[in-house]
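What follows is a single structure, written as structure tokens, with notes after it.
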Amino acid sequence: MSIYTRTGDGGETALFGGSRVAKDSLRVWCYGSMDEANAALGVARVHMPFPEHADMILKIQERLFVVCAELASDQQGLSMIKDRVGPEDVIGLEKFIDNSGAEYGRPVSFVVPGQTHASAHVHVARTAVRRAERYMTTLNQSEPLSKYLQEYINRLSDALFALCYEIDFRLGVQAIARQVNIALCQAFNQKEDYNMDTGNAKLWEKMADAAWAESEKINVPVSMAIADAHGHLLYFRRNPNTILASLNIAINKAYTSAAMKMDTQTLSKLSQPEQMLYGINTVDPKLVVFGGGLPLKRDGVVVGAIGISGGSVDEDIQIALKAVEVFQ
């Protein structure tokens, strides 16, 4: 079968259902703009760093074929289409917009497209969708369209905007994390490494004993973990009366403090909205952004970390400080 048919050489094209319209008719502008949006989304998908976003875009592209089918059909053609845009399509986009906003917030000023390659391509698709919506609004005045079709296109441009912001946010957090990691590694490598894992068993026990004495004093059973400068677990002790969840939390606090070269209470402040490390825990799920993890230093250099879990943030910090005093 040939790709070309010569039936459109006179400037007309066929709608599904048999009608013929001019190639510059408003209806053709509508589904032509949606075709542009679909192509732009294809470019965005191959540049997408996050698999879940690539999957989302692919699903949208598949639904845009349904959108184009509706727009390219006359009344007889519409009666023969089995798969049409419905309320579930609109609800799906609204859920994404709401969930994205709840997790990543919303910009407080105008967003200049081009923050990242991935979002820039999505912005191109978003503007094509907006253009299609304008054409559809005009077309609806003379040839009424499905309300679900109109609602879907309206939500789609909003969803693509939310997607752009989410992409830029996540890539921005990753860039900050890389910069922090590079800076910390450079600072750490300026001085001789301190060997944490040999000949220190007695020291770990003394630190744990000091922590246990403080925990008993304030009647707060805890778990305690000690990690080396790379976040690897070296020592662990758990009071059988503390909650089971404290086991992993203590280990992750020690890991976090070692990995970020700071106490987890400071990290908690830096990871708040509008702070430089906001969302850092989405990059590495092991990072704990509340107090109880403290770095262990030798000559100003972080050589390890301790994590305490089982009480409130203040109680965990209080107990951890007692162990740090022994290390120093």
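The values are calculated or read from the model by the stated rules, or taken from the named source; none is laboratory data. Being a predicted model, the structure only gives us computed values, none of them experimental. In this analysis, Cβ positions are derived from the backbone assuming ideal geometry, glycine residues included, and neighbour counts consider all displayed protein chains.
A quick yes/no check of all residues on (1) in the same structural domain as residue 213 (by TED's automatic domain parsing); (2) of a type outside the set (Asp, Glu); (3) within 30 Å of residue 168 (Cβ to Cβ):
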position: 289; (1), (2), (3): yes, yes, yes
position: 298; (1), (2), (3): yes, yes, no
position: 303; (1), (2), (3): yes, yes, no
position: 316; (1), (2), (3): yes, no, no
position: 323; (1), (2), (3): yes, yes, no
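Any idea which of 116, 127 is within 28 Å of the chain's Cα centre (by Cα), surrounded by fewer than 18 Cβ atoms within 10 Å (Cβ to Cβ) and closer than 21 Å to residue 42 by Cβ? Just a single option satisfies the conditions, and that option is 127. Scanning the range 137-165 for residues that are modelled with pLDDT of 90 or more and hydrophobic (A, V, I, L, M, F, W, C) turns up 139, 149, 153, 156, 159, 160, 161, 162, 163, 164. In the range 310-328, how many residues are of a type in the set (S, T, N, Q) and either over 17 Å from residue 252 (Cα atoms) or in contact with an Asp or Glu (Cβ under 6 Å, 6 or more places away or on another chain) (or both)? Matching residues across the range 310-328 total 2. Would you please name the residue that is surrounded by the most Cβ atoms within 10 Å (Cβ to Cβ), looking only at residues in the range 258-285 that are under 22 Å from the mean Cα position of the chain (by Cα) and among the charged types (D, E, K, R)? Out of the qualifying residues, it is 284. Residues of the range 55-92 that are over 12 Å from residue 152 (Cα atoms), surrounded by fewer than 16 Cβ atoms within 10 Å (Cβ to Cβ) and at pLDDT 90 or above: 55, 58, 59, 62, 65. Selection of first residues in the range 56-69 that are in the same structural domain as residue 16 (by TED's automatic domain parsing) and of second residues that are surrounded by 18 or more Cβ atoms within 10 Å (Cβ to Cβ) and not in a helix (DSSP H, G or I), restricted to Cβ pairs under 8 Å at least 6 apart or on distinct chains, gives the following pairs, ordered by first then second residue: 57/48; 63/85; 66/85; 67/85.
For residue 50, the conditions (1) over 32 Å from the mean Cα position of the chain (by Cα); (2) farther than 22 Å from residue 151 by Cα all hold with the exception of (1). Quick one: would you say residue 135 is under 19 Å from residue 74 (Cβ atoms), among the hydroxyl-bearing types (Ser, Thr, Tyr) and surrounded by 15 or more Cβ atoms within 10 Å (Cβ to Cβ)? So residue 135 fits the description; yes. Restricting attention to the range 240-257, the residues that are over 24 Å from the mean Cα position of the chain (by Cα) and crowded, with 17+ Cβ neighbours inside 10 Å add up to 5. For beta carbons closer than 7 Å, sequence separation of 6+ or different chains, a first residue in the range 140-159 that is assigned by TED's automatic domain parsing to the domain that holds residue 67 and a second that is of a type in the set (Phe, Trp, Tyr), the qualifying pairs are 159/96.
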